[in-house]
Structures are given as structure tokens and as C-alpha cells.
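Participant: The structure's right below; bear with me while I get my questions together.
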Amino acid sequence: MLESLTESLRNIFRGVQSRGKVTDADLKATMREIRRVLLEADVHFQVAKDFCKRVEERALGQEVLKSLRPEQVIIKTVHDTLVEFMGPVEPGIPFNAQRGTTVIMMCGLQGSGKTTTCAKLALFLKKKGNNPLLVAADLQRPAAVDQLAVLGRQLGVPVYVDPDTRRPPEVCERAVKHALAQQCNVTVLDTAGRLAIDEPLMRELAEVRRAAAPDQVYLVCDGMLGQDAVASAEGFNRRLPLDGIILTKLDGDTRGGAAISVKAVVGKPIKFIGVGEKPEALQEFRPQGMAERILGFGDVVGLVEKVQEHVNQEQAEAAARKMFEGTFSLDDFLGQLEMMEKMGSVKDLLKMIPGMGALGDLEVEDHDLGRLKGIIRSMTFQERTRPDLVDASRRRRIAKGSGTTVVDVNALLKQFREMSKMMQKLSGSGMLGRMYDHRLVKQRRKRQKVRGMNLGKVLGHP
Ligand SMILES: Nc1nc2c(ncn2[C@@H]2O[C@H](COP(=O)(O)OP(=O)(O)OP(=O)(O)O)[C@@H](O)[C@H]2O)c(=O)[nH]1
Ligand SMILES: [Mg+2]
């Protein structure tokens with residue numbers, strides 16, 4: 001996601017860097033360029049304008065003109081301003097302890113990802129030790145109830161379906177009672193969507209709201225829609241006060257406009273982002289992480305969380321140790337690939353690692369994983385530990401053994417070399433150690449102080 005915005009911003013910063021010293025006029029020109037790329041990313045016009053004004057004022061305040069590395073001052077200012085525009089957001093969902101079940105109502109336009117997101121949220125909550133109930137309250141689309149029921153079955157989450165009524169408010173009201181009886185501490189209502197915000201849709205949602213008295217109302221918004229997503233959020237919020245927004249489809253080629261604008265325009269925080277079709281592909285929204293992704297610095301905290309969730313601590317520590325020692329072998333690489341596979345899309349994961357996004361030749365498509373594993377498995381133990389031994393004839397043998405080509409084998413070895421180099425750099429910065437440090441999750445609550453190495457430098461962190 002966000003590739004083109006990231007790339008355009010990088011080009012602007014590079015331009016500033018090449019100029020060395022920055023004059024007043026240079027700064028103004030830079031701001032104009034930043035505004036242009038924000039507009040291209042489909043950021044709301046007024047937001048882009050305010051954003052650049054804020055950055056300019058701040059950059060001047062920080063004496064960017066006198067600075068020896070003006071681009072760093074500008075990057076930091078853009079970063080901080082992005083964080084400010086997209087935040088703040090309280091992590092997690094506020095629970096209603098008195099009620100016995102916290103009711104979350106999901107609404108949004110047709111196809112925005114409501115049903116998928118309900119399932120994702122249920123899984124997210126379940127993993128945190130909750131006992132969620134999904135409620136099929138979309139009675140518009142014939143297949144909607146089945147879709148939710150199937151998802152619930154897949155995730156082992158109960159789904160409330162009520163064939164006795166065709167009225168969504170009634171379904172929701174009964175569902176809440178059912179949740180209380182079944183001791184489901186969270187109730188997630190999947191409501192119907194329509195092509196546009198119209199009277200019948202809003203009336204139905206208002207009735208559901210009266211009947212189920214949700215503790216949280218979240219709007220599910222398609223992030224690909226850019227400013228249109230923002231406009232629909234505004235429209236919804238006027239009729240149905242929202243507690244938060246969930247931006248979906250940020251894994252696609254989203255330009256970033258919705259993420260940057262929606263809080264500033266609607267005044268409601270983005271709570272979660274959807275980054276894929278799989279039930280695991282939901283992340284708590286962190287303005288800091290998003291700003292870092294936009295600037296191409298990865299999202300270390302997000303990565304740490306994923307690692308925490310899926311990786312065996314001892315295994316991870318062993319891998320980290322080997323990386324420090326420089327004894328990380330292809331066998332370990334294989335182990336890492338398998339762990340990554342458990343975590344979801346490798347491509348997305350790689351983008352979360354600072355610097356990786358910029359490494360063009362470290363492209364790993366998800367479907368490549370099986371092939372990579374096959375290649376490594378066709379190597380002898382010796383070859384896996386000492387990849388430098390793999391000469392041309394061995395490459396041919398390995399290719400044959402794994403049903404791939406010598407080009408594939410070469411590509412893997414090259415990737416491994418790049419990765420080893422990268423790791424040495426990272427371990428030099430102390431980042432890998434931090435990546436695998438389980439205390440990090442606690443630190444996150446203390447406002448995400450961990451940043452990628454590049455950004456760390458730019459932002460003046462040790
Ligand atoms: N790539 C990607 N696809 C998503 C994401 N969230 C949802 N989708 C896809 O978007 C499509 C629509 O998702 P649904 O969950 O059915 O959307 P909905 O809002 O419930 O749709 P209606 O019930 O018809 O209004 C499906 O194909 C989902 O797989 C996401 O974060 N990333
Ligand atoms: Mg649906």
C-alpha cells in the first residue's frame with residue numbers, strides 16, 4: 001500500500017537533500033510539492049492545505065533554513081504532523097463491564113468490508129481471551145447471513161441467526177439477550193449496506209441503534225475510495241454518531257488519502273485497519289505506525305506485535321542470537337519463512353521492516369514461499385549452513401530436486417545474501433534485538449517509542 005505516495009515523498013526529500021542548504025523560497029517550493037503529492041494521494045483538499053501550512057510553520061520554527069541537514073528536519077516535521085493529523089487514538093475497544101456484553105455495531109456502505117471485518121474483529125477479540133458473538137443482522141442481501149455463519153464456523157465463533165424475524169432491530173435486540181445468556185462478553189452486529197447513504201439505510205441503522213443500544217458504533221470504510229470514503233464517513237457520522245472508523249483494503253494500491261484525511265475531516269479516530277482478506281488481516285490503527293509506513297520506514301511496533309502473536313519466543317530468540325553472531329543459515333531462514341507464513345502475507349510483513357520497502361530486489365511474493373521452501377529443502381545440511389559452497393553444478397542439482405530452475409535457486413541465494421547483509425546492518429543498530437524482545441509489547445502502551453533505524457536517526461533517537 002501507499003507505494004506511490006511514499007515514493008513521491010522520498011523524491012521530494014531527496015531533492016531537498018541534494019540542494020544542501022534551504023532558502024525560504026526552497027521551503028515554499030518543497031511545501032508546494034508535498035501538497036501536490038498529497039492531493040495525488042487523494043488527501044482532502046483542505047487537509048492537504050492545512051497540513052502543509054502546519055509543516056511549514058514548524059519547519060521554520062525548527063530553523064530548517066539554518067540546518068545542515070534540512071531534509072531531516074523536514075522529514076521529522078512531516079512525520080510528526082502526519083501523526084498529529086491521524087491521531088490521537090486510544091488503543092483497544094472500551095468495554096462496558098456493567099452490561100455484561102459490550103455491543104459493537106458495524107455499519108458502512110455495500111461492499112466496504114463489514115462482514116469480513118466483523119469476523120476479523122471477532123477473531124481479534126477471541127485471541128485476547130474474549131468470548132465474542134457475531135450477529136447476522138444484514139437481512140438485505142440473501143447470502144449475507146450464510147457468509148457470516150461460514151466465517152463464524154471457520155473461526156470457532158458463535159453466530160446469532162434469527163430465522164423468526166425479518167426485522168434487523170429485533171434480531172439485534174434478541175442477540176444481545178442471547179449474548180448475556182451465553183456469557184458472550186462482546187456482541188458484534190453485522191448490519192446491511194447500501195450503495196449510497198439513503199433514507200431507508202439510515203432509518204434502519206437508527207432503529208438498530210435504538211434496539212441494541214451499542215456501546216461502540218464503528219463505520220467500515222473502503223480505504224481504496226480515498227476522498228469518497230471520507231465523504232461517506234462524514235455523511236454517516238451526521239446521522240449516526242460514530243465512535244470510530246475501520247479503514248479496509250489498505251493492502252491494495254490505496255493511495256493513502258483516506259487514512260490521512262478522515263480524522264481531520266470527520267473528527268473520529270481510525271480504530272482498526274483491514275490489510276487483507278484473511279481473518280487475521282486486521283490491525284489496530286496506530287498513527288505513528290501509519291506515518292512511518294507512509295514515509296517508507298516500516299512499522300516496527302506493528303511487526304513486533306505480529307511476531308509476539310505468532311512466534312515461539314525461544315525460537316525467535318535463538319534466531320536473533322544467530323543473526324547477531326552471523327551464524328544464521330539457510331535452515332534458519334527456512335524456519336523464519338515458516339513462521340512468517342503463519343503470520344500472514346509475507347509481502348506485507350516485509351514492508352513493516354524498516355528499510356525493506358526500499359529494497360527492490362528483496363521481493364517475496366506470497367506464492368513464492370512454497371518454492372523457496374522447496375529449494376532449501378533440496379539442499380544438503382552442509383549447503384544450508386554454508387551457502388557459499390553452492391556452485392553451478394550444485395545449483396543445477398538443487399533446481400532439479402525442487403522442481404525449479406537455476407534462476408530460482410540463484411534468486412534465493414541472492415535474497416539470502418541480501419537478507420544476511422540487512423540483518424548485520426540491523427543488528428548493528430540494535431533493532432533486531434528489540435524486534436524480538438517481549439517487553440516491547442508493554443512498552444508500546446507507553447506510546448511507541450520504538451522506531452526503525454533510519455527514522456530513529458532522523459528523529460534523533462539513540
Ligand atoms: N484486500 C482486502 N479485501 C477486503 C478487505 N476487507 C474486505 N475485503 C473484501 O471485500 C469484499 C467485500 O467484503 P464484505 O465483508 O462482504 O463487505 P460488506 O460490507 O459486508 O458487503 P455487503 O454486506 O454486501 O454490504 C470481500 O471480497 C472481502 O474479501 C481488506 O482489508 N483487504
Ligand atoms: Mg456484509
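Participant: Find the accessible area per residue for segment 102-295; the probe is 1.4 Å, ligands and nucleic acids are left out, and the unit is Å².
Facilitator: 37 Å²
Participant: Place a +1 charge on the Cβ of each Lys and Arg in segment 1-149 and a -1 charge on the Cβ of each Asp and Glu, then give the dipole magnitude about the Cα centre in debye, rounded to the nearest 20.
Facilitator: In debye, rounded to 20, segment 1-149 gives about 240.
Participant: Continuing with the same structure: Give the calculated FRET efficiency between LYS414 and ASP164 to the nearest 0.05, with a Förster radius of 56 Å applied to their Cβ-Cβ distance.
Facilitator: The calculated FRET efficiency here is 0.35.
Participant: At 7 Å along the Cα-to-beta-carbon direction for both GLU207 and GLU84, put a label point, then send me their distance in nm to one decimal.
Facilitator: 4.6 nm
Participant: So with the 1.4 Å probe, I'd like the accessible area per residue for segment 3-86, rounded to whole Å².
Facilitator: 49 Å²
Participant: To the nearest 10 square angstrom, how much accessible area does THR116 have with a 1.4 angstrom probe?
Facilitator: Surface open to solvent at THR116 totals about 50 Å².
Participant: Give me the extension gain from SER4 to ARG239: residue separation times 0.36 nm, minus the current Cα-Cα distance, reported in nm with one decimal. Before the final figure, lay out the partial values.
Facilitator: Details: separation 235, 0.36 × 235 = 84.60 nm, distance 3.45 nm.
This chain segment gains 81.2 nm when fully extended.
Participant: Counting only residues 5 or more places away or on other chains, whose amide H sits under 5 Å from the amide H of ASP222 once H atoms are built in the peptide plane?
Facilitator: THR248
Participant: Could I ask something else about it? Leaving ligands and nucleic acids out of the surface, order TYR218, TYR160 by accessible area at 1.4 Å, largest first.
Facilitator: Correct descending sequence by accessible area is TYR160, TYR218.
Participant: Could you calculate the contour length gain from GLU40 to THR380, that is, 0.36 nm times the residue separation minus the distance between their Cα atoms, to one decimal place in nm?
Facilitator: The GLU40-THR380 span can extend by a further 117.3 nm.
Participant: Run the 1.4 Å probe and let me know the accessible area of HIS44, rounded to the nearest 10 Å².
Facilitator: Counting only protein heavy atoms, the figure is 60 Å².
Participant: Would you mind computing, in nm to one decimal, how far apart the modelled labels at ALA318 and ASN11 are, each placed 7 Å from Cα along Cα→Cβ?
Facilitator: Distance between label points: 4.7 nm.
Participant: Pop out the carbon and sulfur fraction of the accessible area of segment 3-86 as a percent, whole number, probe 1.4 Å.
Facilitator: So the carbon and sulfur contribution to the accessible surface is 53 percent.
The values are calculated or read from the model by the stated rules, or taken from the named source; none is laboratory data. Note that this is a predicted model, so its numbers are computed, not measured. Counting neighbours? That spans all protein chains shown, and the Cβs are built from the backbone with ideal geometry, glycine included. We work out accessible area using only protein heavy atoms, side chains counted, and drop any ligands, DNA or RNA first. Shrake-Rupley method; radii C 1.70, N 1.55, O 1.52, S 1.80 Å.
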